[in-house]
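Here is the structure we will look at, set down as structure tokens.
The values are calculated or read from the model by the stated rules, or taken from the named source; none is laboratory data. Here the structure is a predicted model, which means the values were calculated and not measured. Virtual Cβ from ideal backbone geometry, glycine too; neighbours counted across all protein chains shown. For accessibility, only protein heavy atoms count, side chains too; no ligands or nucleic acids. Shrake-Rupley method; radii C 1.70, N 1.55, O 1.52, S 1.80 Å.
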Amino acid sequence: MNAKVHEFIDKMKKEKKEEELKERKRHLILLGLVDDNKKDEGIVYLDAWDGTKECKWDNNAQKYYKERIYNPIEVTDEEYQEILKYAPIPKEEALKPEPETPSANTIKLIANILLFLNLIGGLILSIILENWIPIVSAIIYSILLYPLIIGFSKIVKAAEKQL
């Protein structure tokens, strides 16, 4: 075998093994199988607050951070395979495109057009009549009607997804 091919294959095997070990460690921590006596000291930055007291805000980095990292307990390959039987690794669902909802989209478009026309018409009528009542009534009408039509479009969207 060519030396470069052999080197490449060894490199890829090593990366795959490291990735599997990371996934195994993450899975064991998610299951709560952590070694309380063995905690690494260090800082881990997070994009969002995880809801714990340990999670704090770093003004310099503009991110949340934790000061302790828990290590999973040591398990053999056989034990881990047994764990996987009863608690498989949760798989993230692939992002599915939203199903087509032509009726709901049409209703939403009509709601947006009505909102725009209502507000512009109320403004123009207020300017022509030199009175504030038409624009106020247009705003109140929009506040009441727009959410109602958008809510109806969401109901239609849910019904179209079911069908």
remark   = Restricted to the range 19-76 and to residues being modelled with pLDDT of 80 or more and β-branched (Val, Ile, Thr), the residue farthest from the chain's Cα centre (by Cα) is 76
query = So which residues in the range 124-163 are under 34 Å from the mean Cα position of the chain (by Cα) and aromatic (Phe, Trp, Tyr)?
reply = 146, 152
task = Take the residues in the range 77-101 that are of a type in the set (Ser, Thr, Tyr) and surrounded by 10 or more Cβ atoms within 10 Å (Cβ to Cβ), then tell me which one is modelled with the highest pLDDT.
result = 80
note = Among residues of the range 123-163 being under 17 Å from residue 105 (Cβ atoms) and out of contact with any helix residue (DSSP H, G or I) (no Cβ under 8 Å at 6 or more places or on another chain), the residue modelled with the lowest pLDDT is 163
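Residue-wise test of (1) touching an Asp or Glu at 6+ places or on another chain (Cβ under 8 Å); (2) β-branched (Val, Ile, Thr); (3) open to solvent by less than 40 Å² (accessible area, probe 1.4 Å).
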{"site": "108", "(1), (2), (3)": "no, no, no"}
{"site": "111", "(1), (2), (3)": "no, no, yes"}
{"site": "127", "(1), (2), (3)": "no, yes, no"}
{"site": "133", "(1), (2), (3)": "no, yes, no"}
{"site": "146", "(1), (2), (3)": "no, no, no"}
query = Considering only the range 113-123, how many residues are open to solvent by less than 90 Å² (accessible area, probe 1.4 Å) and over 34 Å from the mean Cα position of the chain (by Cα)?
reply = 6
